[in-house]
Structures are given as structure tokens and as C-alpha cells.
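The values are calculated or read from the model by the stated rules, or taken from the named source; none is laboratory data. All values reported here derive from a predicted model rather than from experimental measurement. Counting neighbours? That spans all protein chains shown, and the Cβs are built from the backbone with ideal geometry, glycine included. Surface accessibility is based on the protein's heavy atoms, side chains included, excluding ligands, DNA and RNA. Shrake-Rupley method; radii C 1.70, N 1.55, O 1.52, S 1.80 Å.
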Amino acid sequence: MEIIFSNNKFAQMLFGKNNENLKKISAELNINLNSRGNKVTGSGDAVSLSLAKKILEQLYDIIKGGYPLYLSDVEYAVKIICADDNVKLKDIFSDNLYITGKKKIITPKSLSQKKYIDAIRSFDIVFGIGPAGTGKTYLAMAMAVSDLIKKRVNRIILTRPAVEAGEALGFLPGDLSEKIDPYLRPLYDALYDMMSFEKASELTEQNVIEVAPLAFMRGRTLNDAFIILDEAQNTTSEQMKMFLTRIGLNSKTVVTGDITQVDLPSHRKSGLAEAKDILKDIRGINFTFFSDQDVVRHKLVQKIIGAYGKGCGSS
């Protein structure tokens with residue numbers, strides 16, 4: 001295999017510092033890639049070389065379009081093209097959801113993530129179901145902040161059930177606020193990654209951004225809002241129905257969870273698992289499903305999820 005790129009500057013960006021991008025592709029596909037100037041040569045399995053050629057040519061076009069390529073993007077690109085070599089990486093990586101206060105560009109990193117954000121744009125209610133680390137909550141948060149900044153909604157409401165394995169709120173130390181705060185911390189973490197702590201605190205004080213346990217949603221009508229229900233596998237049937245019937249005019253709702261990680265008592269059915277069956281045929285509601293192939297955390301997380309999936313069951 002031999003590829004010659006027309007622009008030497010873009011070619012060097014594609015190859016990476018000390019050829020780290022080429023080394024990553026070589027390792028993932030078990031082939032040998034080498035560069036000289038603006039030329040890449042490769043040896044190894046013919047099918048793998050064909051995939052490498054598609055990956056390199058598509059990433060080169062993305063770089064030409066001004067996208068900053070990171071080593072992690074190269075790894076995601078290999079996973080995407082290996083899963084479906086008809087996918088256009090540009091359609092995924094060039095879909096900028098939001099640029100954070102840290103100048104970090106948030107984009108989808110897998111085909112499922114791309115389908116997920118397209119669904120959030122098109123549907124008023126979207127369920128994102130799949131294992132940890134697939135970006136379900138993080139991408140929903142990015143979409144929420146983007147819609148708030150663009151004034152498509154007037155506020156963001158972030159909520160999750162205060163349920164954990166083996167613990168009850170009454171046995172935890174502190175007042176109600178101190179007891180609830182640890183359950184909501186993951187939502188705050190994602191929020192602070194989108195904007196500065198000062199800005200998030202200001203918007204929270206103004207109730208433009210509200211972070212609250214699910215029980216606090218009862219009796220309300222949520223208009224002109226982007227609402228995210230996180231860890232929805234730990235809702236009961238009654239809680240899920242209560243939440244979904246709070247949605248008001250000009251509101252968008254994203255429900256996320258992993259139905260293999262339910263912390264409810266064994267005799268209680270997950271409201272998320274039930275909603276998946278009850279609501280699947282309703283027009284205007286979208287279900288996007290993620291797998292361990294969509295994990296965008298440390299690569300060992302994907303292997304851990306896969307190992308537990310093959311084991312004797314989930315907890």
C-alpha cells in the first residue's frame with residue numbers, strides 16, 4: 001500500500017508527533033505503516049491495509065477542514081471504520097455540538113453517538129440506553145448547554161433518583177441537602193466540564209440551571225426547558241410515569257441509563273426497562289441503544305464491560 005498526500009503540513013498533522021497516529025493505526029490493525037515526507041507505505045493483511053487507507057484518507061480530509069486531530073480520535077476512527085467501512089468519518093467528527101469554556105470541541109466519537117445527538121435534535125423525548133462510558137449523559141449535557149446559550153430553551157433541569165445499592169438516605173449523615181448532594185455529583189461534574197465553575201454557580205443561583213433529585217419533580221410542569229433524567233434504571237415504574245408526565249411546552253427531554261445496572265430492590269422492576277417496552281411504538285419518542293463498542297473512556301473500560309457481559313450476570 002502507498003498513499004501520497006498533496007499537502008505536507010496536513011500530512012504531518014495526520015501522521016502525528018513521532019508518527020504516533022500511524023503507530024496507533026498499525027497497532028490496532030496489526031499492520032506496518034511507515035512515512036517519508038508526505039507519503040505513507042504499508043505492509044500486512046490486505047483487508048487491514050484497505051481499512052487503514054480509508055481511515056488515513058478520511059482523517060486527512062477532516063484535518064484539511066480545520067478539525068484538530070487527537071490520538072484518541074484516531075482510535076475512535078479505527079473502531080468506527082472497522083465496524084462499518086461505509087461510514088463517513090467527517091459526518092461524525094465534524095458535527096460540533098458545543099465548544100466549552102476551555103475551548104474543547106465536543107463531537108460524537110462513534111456512529112451510535114452520532115445517531116443519539118441527531119435524535120436529540122429531532123425528537124422531544126429521547127432515551128439513551130447502554131453501559132457506562134458511552135457518553136449518554138455527557139452528550140445530552142452538551143446539547144442542553146448549547147440550546148440554553150442559543151436561547152432555544154430558558155433553563156436546564158438535571159435530575160436523577162437518589163438510589164444506591166445498600167444505602168438509604170435516612171442512614172447517611174447530614175441534612176437533606178448534604179445527603180442528596182453525592183447522588184447529584186456526577187451531573188455537576190459534567191456541567192463543570194461544559195462551563196466554568198463561576199458561570200455554572202451563577203446560573204444555578206438564578207435557577208436557570210437546576211440540579212435536583214427526581215422526587216422534587218413531582219407536581220411540576222416543566223415548560224421551555226431541556227430536561228435530563230440520569231441513572232433512570234433506578235426509577236420505579238411510578239417515578240418514570242411521574243417524570244414523563246411533567247414535560248411541558250417547548251421542552252426537550254433526554255432519559256439515560258443502563259438497564260444492566262439496577263440498584264432497586266429485586267422485587268421492583270426498573271422504570272427504564274418498563275418504559276423501553278411500553279413506549280417503543282409511540283411516534284415522537286426515540287430510543288438509542290449503546291454497546292460496549294461505544295465506550296469512550298479508557299479502553300480497559302470497554303473490556304471490563306464486555307467481560308461482565310459474558311459472565312454469570314449483572315448486578
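Ligands, DNA and RNA left out, the accessible area of the chain computed with a 1.4 Å probe is 51% carbon and sulfur. Mean projected area of the Cα convex hull of segment 174-281, taken over all directions, amounts to 8.3 nm². Residue ranges 231-238, 131-138 sort as 131-138, 231-238 when ordered by packing (mean number of other C-beta atoms within 10 Å per residue, highest first). Near Glu210, the amide H atoms lying under 5 Å from its own belong to Ile156, Ile157, Leu158; only residues 5 or more places off or on other chains count, and H is placed 1.01 Å from N. Considering all different alpha carbon pairs of the chain, the Kirkwood hydrodynamic radius works out to 21.3 Å.
Averaging the sequence gap over all C-alpha pairs within less than 8 Å and six or more residues apart, then dividing by the number of residues, gives segment 1-54 a relative contact order of 40 percent. Solvent-accessible surface of segment 50-146, taken per residue with a 1.4 Å probe and all protein chains present: 38 Å². Compute the long axis of helix 71-83 from its Cα atoms, compare it with the longest principal axis of the Cα atoms of the chain, and write down the angle in degrees, 0 to 90, nearest 10. With rounding to tens, the tilt is 90 degrees. When both bridge partners sit in the chain, DSSP labels roughly 30% of those beta bridges antiparallel. Couplings 3J(HN,Hα) for segment 124-140, derived from phi with the Karplus relation 6.51 cos²θ - 1.76 cosθ + 1.60 (θ = phi - 60°), are 7, 10, 10, 9, x, 10, x, x, 4, x, 9, x, 4, 6, 4, 5, 4 Hz, where x marks Gly and Pro.
For segment 1-87, chymotrypsin sites (Phe, Trp or Tyr not before Pro) meeting the loop criterion (DSSP other than H, G, I, E, B) and having at most 14 other Cβ atoms within 10 Å: Tyr70. What shape does segment 255-298 take by its C-alpha gyration tensor, where a ≥ b ≥ c are the square roots of the eigenvalues and a/c under 1.5 counts as rounded, a/b above b/c as prolate, and the rest as oblate? It is oblate, given that a/c is not under 1.5 and a/b is not larger than b/c.
Between Asn96 and Ala215, residue separation times 0.36 nm minus the direct Cα-Cα distance comes to 39.4 nm. In the structure shown, the pairs Lys54/Lys115; Lys115/Lys199; Lys24/Lys109 are assessed against 27 Å; a Cα-Cα span above that value is assigned to Lys115/Lys199. Positive-end ranking of Ala275, Thr235, Gly130 along the dipole of the chain, with charges on Cβ about the Cα centre, is headed by Gly130. Near Val255, the amide H atoms lying under 5 Å from its own belong to Val126, Phe127, Gly128, Leu229; only residues 5 or more places off or on other chains count, and H is placed 1.01 Å from N.
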